[in-house]
Amino acid sequence: ALIVSSLDDSRAAKERMSDDEADENDEYLSQFVVAKVLEITQIPNKDNLKVIRVDAGGGGEDDVLSIVTNAKNVSEIGLLIAIARVGATLKDGTVIKKQLVGGEMSSGMVLDAPLLNWKSGSHGLAAILPSDETKPLWWKAGDKVPKSRPRSDGLAGNDDDTNGKKEEPVVDTMFARKLSKEEKKAALEAKRAARAAKKAGGDE
């Protein structure tokens, strides 16, 4: 009985720890926001550095920010990306400040997947959110950043579930029907016939 009690206490402690970690992650992610890329300007003589103007939602002048980044995948107007505004604190303790970067003033930071604690996604590439309103999952400027990396096609599920591997289309399997008994029997007979033909061919 003592052993069972000890195991129960250990399990409860792990669950409390898991809940605490989840709460801490929620609080951490609440600092960040989805922003829409409005302009992209390359900084002369600065390898890969560019100034982007983004709309962080809210509708005010303070919600349109200029941020310096070297994220290569920020290359199109209209992209939705995850950003940290001035005052946010990264998981290593770095506080985002308004500062000169590459000779340009930067009022925030473009975030990658590791900084968001997503299980998949590349270091140094902006975390991009789907924006197609016709799909089940989509975001807009000003939205909170999700807890896990969403699928790029906007369908349900997330890329974290596949450990970063590309997911196969799910449409066919969603609507696949079960075979009838007759169809199963016919398929089995066809399989047996193919096996018999192969064996006969090998005997010749």
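Values in this text are rule-based calculations from the coordinates and carry no lab data. Everything quoted here is computed from the prediction, not taken from an experiment. Because the Cβ atoms are built from the backbone with ideal geometry, glycine has one as well, and the counts that use them run over all protein chains shown.
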Expected sort for 91-97, 67-73 on mean C-beta neighbours within 10 Å, highest first, is 67-73, 91-97
Taking the Cα atoms of the range 20-97, what is the range of coordinates along each of the three principal axes, in descending order and whole Å?
45, 29, 21
